[in-house]
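Working notes, structure below.
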Amino acid sequence: MVTATIKSKSMIISCVAAATTFILTTAIRFTILPIYSEKELSLNEVEIGLVLTIIALVNFFMIKWAGSISDKVGAVLTMIYGFTLSGLTIILYAFSSNLLTLLLIASAFGVATSLIMPAQVSLAVESSNPEHRGLSMGVYRIFSDVGLVVGPLLSGVLIEFLPLAYAFYFIAGICFSTALFIYLAH
């Protein structure tokens, strides 16, 4: 049954998107962005917390519209847009010079990442066999967890061996690659 679940093109797309989403979240939001904010922009803990809060608030308020967008445009196209916009905003992080700029970019990043999650979950549910939906969601969740594990490790390696700006570029490249994979696989 697991192999039948993974053979579905839509399920593969959803699982790759899930892994990338959680790599993106843990690498950028939870690791690279706070370190960059402190080391490069000399922000204090409250200011860094504000930046992270803005991303979370935008995600929270956008989720309703993101689901509607996915329903109207389709999950695949919504994910392509979401990953592409996420990659672009991640690149912009490297060019931020102060708290205000960082907050604006964080808001755009929140909008971009909001598009991805409802679309990938929707695609996973739609592509699963109703009799084995629990199994399909379990497989989907495994890929999410892979992203949760890989993201911090990857960001730690990037921060250790590359200038912080390059770490942003690398993760942006993962976003662009995922958007391209989704486009080509669909």
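The values are calculated or read from the model by the stated rules, or taken from the named source; none is laboratory data. Since this is a predicted model, take the numbers as computed values, not measurements. Glycine also receives a Cβ, built like all others from the backbone with ideal geometry; neighbour counts cover every protein chain displayed.
Values computed for the structure shown
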| quantity | calculated |
| --- | --- |
| Flag for L135 being at pLDDT 95 or above and either in contact with a Lys or Arg (Cβ under 6 Å, 6 or more places away or on another chain) or hydrophobic (A, V, I, L, M, F, W, C) (or both) | no |
| Within region 85-104, tally of residues that are farther than 18 Å from P163 by Cβ and not small (G, A, S) | 9 |
| Single unsatisfied condition, K72 versus (1) assigned to a helix (DSSP H, G or I); (2) buried (at least 20 other Cβ atoms within 10 Å of the Cβ); (3) over 14 Å from the mean Cα position of the chain (by Cα) | (2) |
| Identity of the residue in region 130-170, without any contact (Cβ under 8 Å) to a residue 24 or more places away in the chain and of a type in the set (D, E), that ends up farthest from T26 (Cα to Cα) | E131 |
| Total residues in region 14-24, condition surrounded by fewer than 24 Cβ atoms within 10 Å (Cβ to Cβ) and in contact with a Leu (Cβ under 8 Å, 6 or more places away or on another chain) | 1 |
| Filter pass, V121 being in contact with a Ser or Thr (Cβ under 6 Å, 6 or more places away or on another chain), modelled with pLDDT under 95 and part of a helix (DSSP H, G or I) | no |
| Criterion: in contact (Cβ under 8 Å) with a residue 24 or more places away in the chain, surrounded by fewer than 24 Cβ atoms within 10 Å (Cβ to Cβ) and under 23 Å from V149 (Cα atoms) - qualifying residue of N59, N98 | N59 |
| Residue in region 146-153 that is part of a helix (DSSP H, G or I) and more than 26 Å from L85 (Cβ to Cβ) present | no |
| Extreme residue, surrounded by the fewest Cβ atoms within 10 Å (Cβ to Cβ), among residues of region 30-49 that are assigned to a helix (DSSP H, G or I), among the hydrophobic types (A, V, I, L, M, F, W, C) and modelled with pLDDT of 95 or more | V46 |
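Results for (1) under 19 Å from G147 (Cα atoms); (2) β-branched (V, I, T); (3) part of a loop (DSSP other than H, G, I, E, B); (4) under 19 Å from the mean Cα position of the chain (by Cα), shown as yes or no for each residue.
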position: S10; (1), (2), (3), (4): yes, no, no, yes
position: I13; (1), (2), (3), (4): yes, yes, no, yes
position: L24; (1), (2), (3), (4): yes, no, no, yes
position: I28; (1), (2), (3), (4): yes, yes, no, yes
position: I54; (1), (2), (3), (4): no, yes, no, yes
position: K64; (1), (2), (3), (4): no, no, no, yes
position: L77; (1), (2), (3), (4): no, no, no, yes
